[in-house]
Amino acid sequence: MTDSAVSDQILFHPLKKIEIIVTGETEPFVRRLLDDSGVSGYTLIRDVAGKGHHRFQEGRLLFNDQASLVMLLAVAPENAIRRIAAGLA
């Protein structure tokens with residue numbers, strides 16, 4: 001099968017990706033926002049750590065996961081991503 005024949009059989013959808021990092025206590029709000037914006041699925045990664053503009057940031061898991069950082073990844077049409085971004089602003 002040629003490359004052009006393969007590409008004729010594949011249906012591509014124009015989507016945007018959003019990556020959101022929040023504290024664990026904000027996670028339920030962001031999950032509701034994703035659901036309300038029509039996102040059909042997302043990936044959630046707990047206990048994220050990394051260095052930003054100011055300093056190294058990591059969660060504190062001493063007693064609960066509310067202080068830990070959570071990353072949510074979603075892919076959706078641009079209008080849904082815009083609604084999510086507006087809800088986070």
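The values are calculated or read from the model by the stated rules, or taken from the named source; none is laboratory data. Just so we're clear, the structure is a prediction, and the values are computed from it rather than from any experiment. Cβ sites come from the backbone with ideal geometry, for glycine too, and all protein chains shown count toward neighbours.
General observations
- Restricting attention to the range 56-72 and to residues that are buried (at least 16 other Cβ atoms within 10 Å of the Cβ) and over 24 Å from residue 15 (Cα atoms), the residue that is modelled with the highest pLDDT turns out to be 69.
- Filtered residues of the range 39-55 (kept if surrounded by 10 or more Cβ atoms within 10 Å (Cβ to Cβ) and either aromatic (Phe, Trp, Tyr) or in a loop (DSSP other than H, G, I, E, B) (or both)): 39, 40, 42, 47, 48, 49
- Hits in the range 1-23 (condition: modelled with pLDDT of 90 or more and surrounded by 10 or more Cβ atoms within 10 Å (Cβ to Cβ)): 15, 16, 18, 19, 20, 21, 22
- Of all the residues in the range 27-46, those that are closer than 17 Å to residue 67 by Cα and in contact (Cβ under 8 Å) with a residue 24 or more places away in the chain number 6.
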